[in-house]
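Mind having a look at this structure? Questions to follow.
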Ligand code: SF4
């Protein structure tokens, strides 16, 4: 059954308090003062209060305008700004000021650049590690058109975790992703895992997928060597975006978590408010313990 976004009431488990607090303000001011972008704000993430109060955020490099136009995404799709070559240093200093032990970075897609931004990614990772030698890093990257020579720039900079989201099940992928494909994303993840780096991916629920399709997607991710997966509720950014079909119940998220663990994932973060970077620090600690 097709439901309109505005006909589905927000269930109680999706309600979060307004973000505020001393630490929240400190993180917000620091990000503003250092002219940085975060997917927490650009993606209108419901966990901003929790994460920023815990002193963590997911930084977004290469600007805040994306060259792709995925139908589920809140980030603005338009002509991107020129590269800001001082951004890696500012980001490295911000991570030092926040005393982050684990930093999570993502970027917009930059199909306008001949290398898709891969070299800038490598410079950013190295700059962060130079200023913060003990920091661990998770980088959530675009598919670089599936070109392994571009992926290798990021891999050779040796972040601890490289994440690339498949976003949804295979059947729905062409309807909501503008350029990336399900199979190409699996190949990207396979290449990352083959290079000895923790491969992570994420999927959103509530866009019309079936339970069997979600289990198949988890199986596909596991079969290419992905060891960490996040599963969360899709929230439509606006009326023109992919339609919300349902709010998936907490018990269904619990079911997928158990199924993922039984498939052999080292870590499954599954819940209505989960986003790719949610509790990322805990993933790396769990992996270290494992
Ligand atoms: S879940 Fe990720 S994107 Fe959302 S507020 Fe936390 S760090 Fe930011």
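Values quoted throughout were computed directly from the atomic coordinates according to the rules given, and no laboratory measurement underlies them. Note that the structure is predicted; figures quoted are calculated from it, not measured. With ideal geometry, Cβ positions are generated from the backbone for all residues, glycine too; neighbour counts draw on all protein chains shown.
Among 149, 167, which comes first, second and so on when ranked by fewest other beta-carbon atoms within 10 Å?
149, 167
Taking other Cβ within 10 Å of each residue's Cβ, how do 263, 60 sort, fewest first?
263, 60
Given 0.36 nm per residue, what is the gain on full extension from residue 149 to residue 99 after removing their alpha carbon distance, in nm?
Length gained, residue 149 through residue 99: 14.7 nm.
Residues of segment 133-154 with the amide nitrogen closer than 16 Å to a label point 7 Å from the Cα of residue 178, along Cα-to-Cβ, please.
So the set is 142-145.
Using a Gaussian network model of the chain whose springs link C-alpha atoms within less than 10 Å, name the residue from 106, 124, 41 with the highest mean-square fluctuation.
Between 106, 124, 41, it is 41 that shows the largest mean-square fluctuation.
Related question: In whole Å, how far is the Cα centre of segment 208-260 from that of segment 145-196?
Segment 208-260 and segment 145-196 have Cα centres spaced 17 Å from each other.
Counting other beta carbons within 10 Å of each residue's own, what order do 234, 247 fall into, fewest first?
Ordered by Cβ neighbours within 10 Å, fewest first: 247, 234.
Apply the a/c threshold of 1.5 to the C-alpha gyration tensor of segment 78-134 and tell me whether it is rounded, prolate or oblate.
It comes out prolate by the Cα gyration axes.
Same structure, new question: How big is the antiparallel share of DSSP beta bridges in the chain, given as a percent to the nearest 5?
Approximately 5 percent, going by the DSSP bridge assignments.
Under the rule a/c < 1.5 gives rounded, and otherwise a/b versus b/c splits prolate from oblate, where does the chain land using the Cα gyration tensor?
rounded
Mind giving me the FRET efficiency for residue 239 and residue 16? R0 is 22 Å, r the Cβ-Cβ distance, nearest 0.05 is fine.
0.50
To continue, here is another question. To the nearest 0.05, how large is the calculated FRET efficiency for residue 156 and residue 8 if R₀ is 51 Å and r is the Cβ-Cβ distance?
Computed FRET efficiency for residue 156 and residue 8 comes out at 0.70.
Can I ask one more? Calculate for the chain the 222 nm mean residue ellipticity that helices alone would give, adding -39,500 (n - 2.57) per DSSP H run of length 4 or more and normalising by residue count, nearest 500 deg cm²/dmol.
Result for the chain: -11500 deg cm²/dmol, rounded to the nearest 500.
Rounded, prolate or oblate for segment 101-173? Axes are the square roots of the Cα gyration tensor eigenvalues, ordered a ≥ b ≥ c, and the cut-off for rounded is a/c under 1.5.
Here segment 101-173 falls in the oblate category.
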